Amino acid sequence: MHVPALNALTQADQELAGLIQGEAERQHDTLRMIASENYVSQAVLEATGTVLTNKYSEGYPGKRYYEGQKFIDPIEELAIARAKSVFGVDHANVQPYSGSPANLAVYMALAKPGDTIMGMALPMGGHLTHGWSVSATGAWFRAVQYTVRREDGRIDFDEVRDIALRERPKIIFSGGTAIPRTIDFPRFAEIAREVDAVLVADIAHIAGLIAGGAHPSPVGHAEVISTTTHKTLRGPRGAMLMSDEKHAKALDKAVFPGLQGGPHNHTTAGIAVALGEAAKPEFRTYAHQIVANARALADALIERGFDLVSGGTDNHLILLDLTNKGIGGKPAARALDRAGIETNYNTVPYDTRKPFDPSGVRLGTPALTTRGLTEAQMPQVADWISRAVDAAVKDDEPALNTIAAEVRELLAGYPMPGWH
Ligand code: DSN
């Protein structure tokens, strides 16, 4: 059963309550390995499901356009203070609705339409909002894109520097969505300084690792930091922008009134709770365990003949290139899902297949770490992945069902917040 219990909802709308119960049970019974997903704590769940959703509060604490902010202002101030303390930054804005609007606010604060900006190409592991052509950021700005080396799947800083010197971008984005390796913020900062660009670190995927000391921080290197709050950071779906004092005003103005109206106060409260959790010593253990799990899983997958982009991982994610397994990423991800292992199909660098039917599958360890799994279970997880991919190649549905039952049996021993 979902916790908190959905009593009123079940009375009012049985159909919807049933769907939510179903999703909670699915999350409980599935090895959730989408690298950008997690399980929030019971406390975060509670904070996001409160009467705060009823309140409008356009503006910022102390400068609102609506009355009745006696409790909303301190809630937002708490979230801001915790963000500043956890990440060691001068300024934090906790209002962006999610990662894409947060990044759009960065553009609005630092550039004008038509200006040159630079980011990692989406098929190489970057994010849509780092200037990819189908995104508004690629349509409204002149985006130049860096890649990774074909041989080892890592960022080629000589290429980054050459492009930056040639194109003189106003903004350089570091970070992305499918980068299995440590991001070298000092090296990016050196290049940004050389061409007088603002370095932005999009730490959405690794924010929890940074907060927990399991990935180097961009603070002191990137002038602006953008992050979602719901990935490794384990908060509600939302985002934050952080910076030094120099960019604080422009970022705030870009978020509101530039792009958004009233902040989602229930989300702000959830972010405050999550940041409170991130400041605790247990969070450091969790962050390091995510990385230890990913490394153990990478080793076990390599032993089973899998080809990992860049040959392994330094963080929470693994990008499998399934070309040598004779199956595309999409049918493999679909089969893994039927085997109780939730992933997403993903392009790999220099993919010869199409984005909607690419060669890769992306795996992450944040959610299963939150469930309590450690390195001890990673060979078993790799075994299931290997058996499921083999079963997909042979179209062996019963084998997938067997794996799903084994996964359910293991997970029964690992509690999930939000389900009892
Ligand atoms: N594309 C999302 C992910 O990494 O799953 C982030 O926007």
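Read the figures in this text as sums done on the coordinates, not as results from a lab. All figures in this text were calculated on a predicted structure; none of them were measured in a lab. In this analysis, Cβ positions are derived from the backbone assuming ideal geometry, glycine residues included, and neighbour counts consider all displayed protein chains.
Per-residue Cβ neighbour counts within 10 Å put VAL348, VAL40, VAL160 in the sequence VAL160, VAL40, VAL348, beginning with the fewest.
Judged by the mean number of other Cβ atoms found within 10 Å, the most tightly packed of the peptides 253-263, 166-176, 55-65 leads the ranking 166-176, 253-263, 55-65. Placing +1 on the Cβ of every Lys and Arg and -1 on the Cβ of every Asp and Glu, with no other charges, gives the range 298-420 a dipole of roughly 320 debye about its Cα centre. In plain terms, the chain from ARG142 to LYS394 could stretch by 86.1 nm, reckoned as 0.36 nm per residue minus the Cα-Cα distance. Highest mean first, the peptides 214-225, 196-207 sorted by other C-beta atoms within 10 Å per residue fall in the order 196-207, 214-225. Taking amide H positions as placed 1.01 Å from N in the peptide plane, with prolines and chain starts having none, which residues 5 or more places from VAL144, or on another chain, fall under 5 Å of its amide H? Correct list: ILE117, MET118, GLY119.
Here the convex hull built on the C-alpha positions of the range 165-275 has a volume of 117 cubic angstrom per residue.
Assigning unit charges at the beta carbon (Lys, Arg +1; Asp, Glu -1) and nothing else, what dipole magnitude in debye, to the nearest 20, does the chain show about its Cα centre? Working shown, then result.
Values: 41 positive and 49 negative charges, 139 e Å.
Roughly 660 debye, rounded to the nearest 20.
Each label was represented as a point 7 Å from its Cα along the Cα-to-Cβ direction; for ALA279 and THR50 these points are 1.6 nm apart.
Would you compute, from DSSP H runs of 4+ residues alone, the mean residue ellipticity of the chain at 222 nm, taking -39500 (n - 2.57) per run and dividing by the full residue count, rounded to the nearest 500? Before the final figure, lay out each step's value.
Numbers: 16 runs with 182 residues, N = 420.
Calculated mean residue ellipticity at 222 nm is -13000 deg cm²/dmol.
The simple Förster model, with R0 at 35 Å and r as the Cβ-Cβ distance, assigns GLN11 and ALA292 a FRET efficiency of 0.20.
Just for the chain, what percent of DSSP beta bridges are antiparallel, to the closest 5? Walk me through the numbers on the way to the answer.
Working: 22 of 39 bridges.
Here the share of antiparallel DSSP bridges comes out near 55 percent.
Under the membrane-span-like helix rule (DSSP H runs whose alpha carbons stretch at least 30 Å along the helix axis, mean Kyte-Doolittle hydropathy -0.5 or higher), the chain yields 281-303.
For the range 247-329, the fraction of C-alpha pairs farther apart than 16 angstrom is 70 percent. Distance between the C-alpha centres of the range 37-85 and the range 261-314: 24 Å, rounded to the whole angstrom. The magnitude of the dipole of the range 93-235, with charges of +1 and -1 set on the Cβ of Lys/Arg and Asp/Glu and taken from the Cα centre, is near 300 debye. In the chain, taking the dipole from charged Cβ atoms about the Cα centre, the farthest positive-side position among ASN54, MET1, ILE117 is held by ILE117. Comparing THR232, ILE34, GLY68 along the charge dipole axis of the chain, the residue lying farthest to the positive side is GLY68, per the Cβ-charge model. Ordering ILE403, VAL393, ALA333 by the projection of their Cα atoms onto the charge dipole of the chain, which places +1 on the Cβ of Lys and Arg and -1 on the Cβ of Asp and Glu, puts ALA333 at the extreme positive end.
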